[in-house]
Amino acid sequence: MFFHQQKLQYNATPEAPDAVYARKLQEVIGGQYGEITVAMQYSFQAWNAHIPGKYRDLLFGTAAEEFGHIEMLATMVAQLLEKAPLGITEEAVQGDPAVAAVIGGTDLQHAIVAGAGARPVDSMGNPWSGSYVTASGNLLADMSSNVNAEMQGRLQVARLYHMTDDKGIRDMLSFLLARDTMHQNQWMAAVKELQADGLEQMPVPSNFPQSKEATEFSYDYYNFSDGATAAQGSWASGPTPDGNGEFGYKDQPMAGVPMPPPTHPDARFYGTTEVPNRVEKVAGALQDKLNRE
């Protein structure tokens, strides 16, 4: 059950309107690594969790926090648009290059579709997509993915911080940066704890027997590039992080195997093959009769 309390987690008030910056903030609302993504990702990971306890509670709690971050950003966007010049006349644009530049950077759907409000889109107007969400039911895989999501999100907020001098916006972003710092660290701690608790190990999924994989290829780095320095990395020699093997280095790819011949699907897929077209037509007609479709 969700219950909404009409308070913001933190301040979200700009010093001045700025329609262009409102559009920029849309990236961390509805972009691939925006707040909608992490709120939904942590929610679905919690709903898909198969064990009760601290990990599920961690997911539910952080998901709820992220919904609050969406609210803060949406509130900030609405205020940035509240008195922004979204209806400049053509004469004003032509007479002032600065105004023309501002209008050129606004998201017109903020005005036309949302009535001076935020939208569930990225900074280019692309709708938020559920395909951004990772929720596999495997907590080690999911929480490792969460580390990346928070890293990418913090990276984008850090870039946005330097795109404005507005003290109110920077104040809100400083809070979001701090929470991203916490979330990066909490997911990394959870990844380690999952392994220490014996619930999951590397490689994921750890309960799939490695004896069923081609283990001769499990721990060798094959150099598929003409760069020569990959051999200097810790992934080229020494023990593997999963503790199950030793890294090896091969300075070139495996020899490979012959390519199988081109496929010849049912003639009614109408793919082009070396079979004469008239033969394909006859084959298709015959198949129709035999299959009685």
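The values are calculated or read from the model by the stated rules, or taken from the named source; none is laboratory data. The structure presented is a predicted model; accordingly, all values stated were derived computationally and were not measured. Please note: Cβ atoms are built from the backbone with ideal geometry, for glycine as well, and neighbour counts cover all protein chains shown. Quick note on the areas: whole protein, heavy atoms, side chains included, nothing else; ligands and nucleic acids left out. Shrake-Rupley method; radii C 1.70, N 1.55, O 1.52, S 1.80 Å.
Cα centroid distance between the range 225-293 and the range 7-50, in Å? Taking the Cα centre of the range 7-50 as reference, the centre of the range 225-293 is 40 Å away. Each peptide in 192-201, 68-77, 161-170 receives the mean, over its residues, of other Cβ atoms within 10 Å, and ordering these scores from highest gives 68-77, 161-170, 192-201.
Name the shape class, rounded, prolate or oblate, that the alpha-carbon gyration tensor gives for the range 161-241, where a ≥ b ≥ c are the square roots of its eigenvalues, rounded holds for a/c under 1.5, and otherwise prolate holds if a/b is larger than b/c and oblate otherwise. Since a/c reaches 1.5 but b/c is at least a/b, the shape of the range 161-241 is classed as oblate. In terms of accessible area, using a 1.4 Å probe and ignoring ligands and nucleic acids, W235, W187, W128 rank largest first as W235, W128, W187.
In the chain, the DSSP-assigned H stretches of four residues or longer account for a calculated mean residue ellipticity at 222 nm of -15500 deg cm²/dmol, using -39500 (n - 2.57) per stretch and the full residue count as denominator.
The long axis of helix 54-82 is offset from the longest Cα principal axis of the chain by roughly 50 degrees.
Between the beta carbons of T181 and N126, assuming R0 = 35 Å, the FRET efficiency works out to 0.80 to the nearest 0.05. The stretch between T13 and Y221, if pulled fully straight at 0.36 nm per residue, gains 69.8 nm over its current Cα-Cα span.
At full extension, Q6 and D288 could sit 95.1 nm farther apart than now, given 0.36 nm per residue minus the alpha carbon distance.
Summing +1 for each Lys or Arg and -1 for each Asp or Glu, what net charge is found among the other residues whose Cβ lies under 12 Å from the Cβ of M72?
Taking every other residue near M72 into account, the sum is -3.
Hey, if you drop one equal point scatterer on each alpha-carbon of the chain and run the Debye formula without solvent, what base-10 log of I(q)/I(0) do you get at q = 0.12 Å⁻¹? The Cα Debye sum returns log10 ratios of -0.92.
Helix 35-47 and the longest principal axis of the Cα set of the chain meet at an angle near 50°. The lysine pair tally for the chain, using Cα distances under 22 Å and a gap of 8 or more places or different chains, is 6.
Note on R119: accessible area is roughly 40 Å² with a 1.4 Å probe, heavy atoms of protein only. Among 60-67, 23-30, 202-209, the peptide with the highest mean count of other Cβ atoms within 10 Å heads the list, and the full ranking is 23-30, 60-67, 202-209.
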